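Take a look at the structure below.
The values are calculated or read from the model by the stated rules, or taken from the named source; none is laboratory data. Values in this document were obtained by computation on a predicted structure and should not be read as measured data. As a convention, Cβ positions derive from the backbone with ideal geometry for all residues, glycine included, and neighbour counts pool all protein chains shown. With ligands, DNA and RNA removed, areas are computed over all heavy atoms of the protein, side chains included. Shrake-Rupley method; radii C 1.70, N 1.55, O 1.52, S 1.80 Å.
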Amino acid sequence: MKTESQVIFDRNVIEFVTVAAEFCGFLERAEGMKRDKFVDTSLKILPLLYLKASLLPECEMMSDEYPENYVTEETYEILRMNIASVLTEKDDYLEVFLPDMAYSDTPIKKCISEDLADIYQDMKDFIFIFQLGLNETMNDSLVICKENFGNIWGQKLVNTLRALHDVKYNTSPFEDEEKSEEEDDHEHCHCEDPDCDCGHEHHHHDHE
(Lines give C-alpha, C1' and ligand atoms only; values in the text may rest on other atoms or scores of the structure.)
Protein backbone atom coordinates (compact mmCIF):
# COMPACT_ATOMS: atom_id res chain seq x y z
CA MET A 1 0.00 0.00 0.00
CA LYS A 2 1.18 3.51 -0.76
CA THR A 3 2.15 5.59 2.24
CA GLU A 4 2.13 8.95 0.48
CA SER A 5 -0.24 10.50 -2.04
CA GLN A 6 1.10 13.03 -4.48
CA VAL A 7 -2.37 13.59 -5.96
CA ILE A 8 -3.43 15.87 -3.10
CA PHE A 9 -0.73 18.36 -4.10
CA ASP A 10 -1.95 18.55 -7.70
CA ARG A 11 -2.74 22.12 -8.80
CA ASN A 12 -6.30 21.19 -9.78
CA VAL A 13 -6.90 19.70 -6.33
CA ILE A 14 -5.63 22.84 -4.59
CA GLU A 15 -7.86 25.02 -6.78
CA PHE A 16 -10.88 22.80 -6.04
CA VAL A 17 -10.18 23.00 -2.30
CA THR A 18 -10.05 26.79 -2.56
CA VAL A 19 -13.38 27.07 -4.39
CA ALA A 20 -15.04 24.48 -2.12
CA ALA A 21 -13.95 26.46 0.96
CA GLU A 22 -15.27 29.69 -0.59
CA PHE A 23 -18.59 27.98 -1.36
CA CYS A 24 -18.95 26.73 2.22
CA GLY A 25 -18.05 30.12 3.68
CA PHE A 26 -20.59 31.83 1.45
CA LEU A 27 -23.43 29.54 2.58
CA GLU A 28 -22.40 29.92 6.22
CA ARG A 29 -22.82 33.69 5.85
CA ALA A 30 -26.19 33.43 4.10
CA GLU A 31 -28.37 34.29 7.10
CA GLY A 32 -30.05 37.66 6.56
CA MET A 33 -28.53 38.14 3.09
CA LYS A 34 -30.58 39.89 0.41
CA ARG A 35 -32.09 37.38 -2.00
CA ASP A 36 -30.75 39.12 -5.13
CA LYS A 37 -27.19 39.05 -3.78
CA PHE A 38 -27.50 35.42 -2.70
CA VAL A 39 -28.79 34.32 -6.10
CA ASP A 40 -26.20 36.35 -8.02
CA THR A 41 -23.30 34.94 -6.01
CA SER A 42 -24.65 31.38 -6.23
CA LEU A 43 -24.90 31.66 -10.02
CA LYS A 44 -21.21 32.56 -10.13
CA ILE A 45 -19.73 30.13 -7.63
CA LEU A 46 -21.70 26.98 -8.54
CA PRO A 47 -20.43 26.76 -12.17
CA LEU A 48 -16.89 27.35 -10.88
CA LEU A 49 -17.29 24.56 -8.31
CA TYR A 50 -18.55 22.23 -11.06
CA LEU A 51 -15.65 23.13 -13.34
CA LYS A 52 -13.00 22.59 -10.67
CA ALA A 53 -14.56 19.26 -9.64
CA SER A 54 -14.57 18.07 -13.26
CA LEU A 55 -10.81 18.75 -13.46
CA LEU A 56 -9.89 16.65 -10.40
CA PRO A 57 -7.24 14.01 -11.19
CA GLU A 58 -7.79 10.26 -10.90
CA CYS A 59 -7.10 8.88 -7.44
CA GLU A 60 -7.48 5.63 -5.52
CA MET A 61 -8.36 4.82 -1.90
CA MET A 62 -5.37 4.22 0.37
CA SER A 63 -7.30 2.88 3.37
CA ASP A 64 -10.22 0.53 4.00
CA GLU A 65 -11.80 3.02 6.42
CA TYR A 66 -13.86 5.99 5.35
CA PRO A 67 -12.88 9.40 6.77
CA GLU A 68 -15.12 10.75 9.52
CA ASN A 69 -17.91 13.23 8.78
CA TYR A 70 -17.93 16.77 10.11
CA VAL A 71 -21.42 18.07 9.30
CA THR A 72 -24.01 17.06 11.90
CA GLU A 73 -27.74 16.87 11.30
CA GLU A 74 -28.18 20.05 13.35
CA THR A 75 -25.55 21.97 11.36
CA TYR A 76 -27.18 20.81 8.13
CA GLU A 77 -30.67 21.85 9.22
CA ILE A 78 -29.63 25.30 10.46
CA LEU A 79 -27.88 26.01 7.17
CA ARG A 80 -30.84 24.75 5.14
CA MET A 81 -33.28 26.93 7.11
CA ASN A 82 -31.07 30.01 6.72
CA ILE A 83 -30.97 29.56 2.94
CA ALA A 84 -34.73 28.90 2.80
CA SER A 85 -35.39 32.12 4.73
CA VAL A 86 -33.36 34.07 2.15
CA LEU A 87 -35.11 32.55 -0.86
CA THR A 88 -38.61 32.56 0.75
CA GLU A 89 -41.26 31.62 -1.85
CA LYS A 90 -38.56 31.12 -4.51
CA ASP A 91 -37.06 28.14 -2.68
CA ASP A 92 -39.35 25.55 -4.25
CA TYR A 93 -38.95 24.40 -7.85
CA LEU A 94 -40.20 21.56 -10.04
CA GLU A 95 -37.53 19.05 -10.94
CA VAL A 96 -37.83 17.17 -14.21
CA PHE A 97 -34.47 15.40 -14.32
CA LEU A 98 -34.57 12.75 -11.61
CA PRO A 99 -34.56 8.94 -11.78
CA ASP A 100 -37.92 8.97 -9.94
CA MET A 101 -39.46 10.88 -12.84
CA ALA A 102 -39.55 7.64 -14.85
CA TYR A 103 -42.26 6.44 -12.46
CA SER A 104 -44.08 9.73 -12.01
CA ASP A 105 -46.60 11.48 -14.26
CA THR A 106 -46.00 14.87 -12.62
CA PRO A 107 -42.87 16.89 -11.83
CA ILE A 108 -41.39 16.41 -8.37
CA LYS A 109 -41.11 19.42 -6.07
CA LYS A 110 -37.60 20.17 -4.83
CA CYS A 111 -36.03 22.89 -2.70
CA ILE A 112 -32.97 24.93 -3.63
CA SER A 113 -32.09 25.21 0.06
CA GLU A 114 -32.04 21.44 0.49
CA ASP A 115 -29.93 20.92 -2.64
CA LEU A 116 -27.38 23.51 -1.53
CA ALA A 117 -27.27 22.06 1.98
CA ASP A 118 -26.63 18.61 0.47
CA ILE A 119 -23.74 19.95 -1.62
CA TYR A 120 -22.46 21.86 1.40
CA GLN A 121 -22.38 18.65 3.44
CA ASP A 122 -20.09 16.96 0.91
CA MET A 123 -17.88 20.03 0.54
CA LYS A 124 -17.58 20.74 4.28
CA ASP A 125 -16.75 17.12 5.15
CA PHE A 126 -14.10 17.21 2.43
CA ILE A 127 -12.62 20.54 3.59
CA PHE A 128 -12.62 19.38 7.22
CA ILE A 129 -10.45 16.36 6.36
CA PHE A 130 -8.06 18.49 4.30
CA GLN A 131 -7.61 20.90 7.19
CA LEU A 132 -6.42 18.04 9.39
CA GLY A 133 -3.44 17.68 7.06
CA LEU A 134 -3.10 13.89 7.14
CA ASN A 135 -1.91 12.65 3.77
CA GLU A 136 -3.79 9.35 3.65
CA THR A 137 -7.17 10.67 4.83
CA MET A 138 -6.84 13.70 2.56
CA ASN A 139 -6.34 11.36 -0.38
CA ASP A 140 -9.31 9.16 0.55
CA SER A 141 -11.56 12.16 1.16
CA LEU A 142 -10.68 13.39 -2.34
CA VAL A 143 -11.58 9.98 -3.81
CA ILE A 144 -14.97 10.03 -2.06
CA CYS A 145 -15.68 13.63 -3.06
CA LYS A 146 -14.84 12.92 -6.69
CA GLU A 147 -17.06 9.81 -6.73
CA ASN A 148 -19.94 11.68 -5.10
CA PHE A 149 -19.56 14.45 -7.67
CA GLY A 150 -20.18 11.97 -10.47
CA ASN A 151 -22.95 10.05 -8.72
CA ILE A 152 -24.75 12.56 -6.50
CA TRP A 153 -23.88 16.19 -5.92
CA GLY A 154 -22.79 17.08 -9.47
CA GLN A 155 -26.31 16.43 -10.73
CA LYS A 156 -27.82 18.31 -7.79
CA LEU A 157 -25.58 21.26 -8.59
CA VAL A 158 -26.74 21.58 -12.20
CA ASN A 159 -30.40 21.06 -11.20
CA THR A 160 -30.09 23.83 -8.60
CA LEU A 161 -28.27 26.06 -11.06
CA ARG A 162 -31.25 25.83 -13.42
CA ALA A 163 -33.64 26.73 -10.59
CA LEU A 164 -31.51 29.70 -9.49
CA HIS A 165 -31.24 30.91 -13.08
CA ASP A 166 -35.03 30.84 -13.24
CA VAL A 167 -35.28 32.90 -10.03
CA LYS A 168 -32.99 35.58 -11.47
CA TYR A 169 -34.20 35.85 -15.04
CA ASN A 170 -37.78 34.58 -15.25
CA THR A 171 -39.90 36.85 -13.10
CA SER A 172 -43.64 36.30 -13.21
CA PRO A 173 -46.05 38.92 -14.67
CA PHE A 174 -47.38 39.45 -11.14
CA GLU A 175 -43.90 40.37 -9.86
CA ASP A 176 -43.35 42.74 -12.78
CA GLU A 177 -46.67 44.39 -11.96
CA GLU A 178 -45.65 44.82 -8.33
CA LYS A 179 -42.37 46.45 -9.35
CA SER A 180 -44.20 48.80 -11.72
CA GLU A 181 -46.55 49.85 -8.93
CA GLU A 182 -43.60 50.60 -6.66
CA GLU A 183 -41.98 52.72 -9.37
CA ASP A 184 -45.27 54.53 -10.00
CA ASP A 185 -45.49 55.43 -6.34
CA HIS A 186 -42.24 57.36 -6.65
CA GLU A 187 -42.98 58.87 -10.04
CA HIS A 188 -46.45 60.23 -9.30
CA CYS A 189 -45.64 62.52 -6.42
CA HIS A 190 -47.72 65.44 -5.28
CA CYS A 191 -45.35 68.33 -4.89
CA GLU A 192 -48.22 70.62 -4.07
CA ASP A 193 -48.66 68.62 -0.88
CA PRO A 194 -46.50 70.10 1.92
CA ASP A 195 -46.04 66.59 3.32
CA CYS A 196 -44.65 65.17 0.06
CA ASP A 197 -41.24 63.57 0.60
CA CYS A 198 -40.31 62.96 -3.02
CA GLY A 199 -37.17 65.04 -2.67
CA HIS A 200 -38.27 67.78 -5.07
CA GLU A 201 -38.25 71.37 -3.96
CA HIS A 202 -41.66 72.77 -3.14
CA HIS A 203 -42.63 76.10 -4.67
CA HIS A 204 -45.37 77.71 -2.62
CA HIS A 205 -46.68 81.12 -3.55
CA ASP A 206 -48.08 83.08 -0.65
CA HIS A 207 -50.97 85.32 -1.54
CA GLU A 208 -50.99 88.61 0.28
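Between residue 12 and residue 60, what's the calculated FRET efficiency when r is the beta-carbon distance and R0 is 22 Å? Round to 0.05. It would help to have the intermediate numbers written out before the result.
Details: r = 16 Å, r/R0 = 0.75.
With a Förster radius of 22 Å, E is 0.85.
Using a Förster radius of 30 Å, what is the FRET efficiency between residue 21 and residue 92 based on their Cβ-Cβ separation? Nearest 0.05, please. Provide the component values of the computation, followed by the final result.
Numbers: r = 29 Å, r/R0 = 0.96.
Efficiency, from the Cβ-Cβ distance: 0.55.
Accessible area per residue, 1.4 Å probe, Å², for the stretch 31-75: what's the number?
Ligands and nucleic acids excluded, the figure is 70 Å² per residue.
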In nm, the gap between the two label points placed 7 Å beyond Cα toward Cβ at residue 48 and residue 135 is 3.1 nm
Kirkwood hydrodynamic radius of the stretch 116-166, Cα pairs, Å
11.6 Å
Can you work out the Karplus-derived ³J(HN,Hα) for every residue in the stretch 13-23? Use 6.51 cos²θ - 1.76 cosθ + 1.60 with θ = phi - 60°, whole Hz, and x for glycine or proline.
5, 4, 5, 5, 4, 4, 5, 4, 5, 5, 4
Using modelled backbone amide H atoms (1.01 Å from N, in-plane), which distant-in-sequence or interchain residues come within less than 5 Å of residue 108's amide H?
95
Distance in nm between pseudo-label sites at residue 108 and residue 37 (7 Å out along the Cβ direction from Cα)
3.5 nm
Tell me, what ³J(HN,Hα) does each residue in the stretch 71-82 have, in order and in whole Hz, if you take phi through Karplus 6.51 cos²θ - 1.76 cosθ + 1.60 with θ = phi - 60° and put x for Gly and Pro?
6, 8, 4, 5, 4, 4, 5, 4, 4, 4, 5, 4
Dipole check, the stretch 12-157, charges on Cβ (K,R +1; D,E -1), about Cα centroid: among 145, 87, 66 the Cα furthest to the positive pole belongs to 87
